[in-house]
Amino acid sequence: MSGVFVVQAPYVKGEISEKDMMEIVAKNHVRDEKASHAVLWMLTKFYFPDVEPALLVFDRKRAAINSIVSAHRRNAVAYKVFDDAWGQFNEASDALIASIVARGKSFQEIPIPFGQAFSEPSDSKSATL
């Protein structure tokens, strides 16, 4: 998403045309971004519900930038409006990553299902379950 917004900034500033912006996005944009976002939501819903609030904020901030660019197409928007939204999106992106990392850290010490039986050397040649 950041790559798209980086290209939108010069468009909102008036440095490139909308056509140029669209060509750059089409040329460099990953085609399966929508699918990736759907997978992110699926994984969040199934396995990481603690991450959902950060993902919701991320999506709202992303929608805000898209709304500004859409409004700019109809009537020029001051770059500061876009830049402020960009800053909020970056904060939301950082918060989402922090939430994912925090949740991931909870898996650092996964319990061994059979205790220490399989991780320590045994005096006997056979293990009893």
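What spacing in nm lies between the two simple spin-label points modelled at A76 and N90, each 7 Å away from Cα in the Cβ direction?
According to this spin-label approximation, the distance is 2.5 nm.
Based on the alpha-carbon gyration tensor of segment 1-89 and its eigenvalue square roots a ≥ b ≥ c, which shape applies: rounded if a/c is under 1.5, prolate if not and a/b is larger than b/c, or oblate?
Oblate.
Here, each number is a calculation from the coordinates, and none is a lab measurement. Small disclaimer: the values here were computed from a predicted structure and weren't measured. Here Cβ is always computed from backbone atoms with ideal geometry, including for glycine, and neighbour counts include all displayed protein chains.
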